[in-house]
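To keep things clear, I will list the structure first and then write my remarks on it.
Nothing in this text is a laboratory measurement; each read-out follows from the coordinates by a stated rule. Quick caveat: nothing in here was measured; it's all calculated off a predicted structure. Glycine gets a Cβ as well: all are built from the backbone with ideal geometry, and neighbour counts include every protein chain shown.
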Amino acid sequence: MTEPRPEIKCPIFLKREWTIKELTRDINLSRTASDKAERAVQLKQQVRMLLTCKKYDEKNEDCRNCRVISSLREKTAELLIKRI
């Protein structure tokens, strides 16, 4: 049995999440390094918007979770960009 994943109920996160998942899928399906790099740059832009959110509230668990997830995604995008 798998552990339930916490849901972030922030409309800003949810709006970006769909695009981020699509970009991640596209990165995984890309056949060329240049395509992966292009999508990784787009991914980094999307997560930067979440990391610089003006409505961030350190007391809000959703905000903290969004920040952690977005930080990891940004690092992933940066690694992809550097490797290519």
Seminar exercise, completed: Given trypsin sites (Lys or Arg not before Pro), DSSP loops and at most 11 other Cβ atoms within 10 Å, the longest exposed-site-free stretch of the chain is 60-84
For this session: Evaluate the charge dipole of the chain about its Cα centre and quote only its size in Debye, nearest 20, assuming +1 on the Cβ of each Lys and Arg and -1 on the Cβ of each Asp and Glu.
Result: 220 debye
For this session: Can you tell me what the convex hull of the Cα atoms of segment 11-83 projects to on average, as an area in nm²?
Result: 4.5 nm²
Exercise. How much mean residue ellipticity at 222 nm does the chain get from its helices, if each DSSP H run of length 4 or more adds -39500 (n - 2.57) and you divide by all residues, to the nearest 500 deg cm²/dmol?
Worked result: -25000 deg cm²/dmol
Exercise. For CYS10, CYS53, what's the fewest-to-most ordering of other Cβ within 10 Å of each Cβ?
Worked result: CYS53, CYS10
Exercise. Can you list the lysines whose alpha carbon sits under 24 Å from that of LYS44, skipping same-chain ones fewer than 8 residues off?
Worked result: LYS9, LYS15, LYS21, LYS36, LYS54, LYS55, LYS75, LYS82
Seminar exercise, completed: Of all GluC sites (Glu not before Pro) in the chain, the ones in DSSP coil with at most 12 other Cβ atoms within 10 Å are GLU7, GLU58
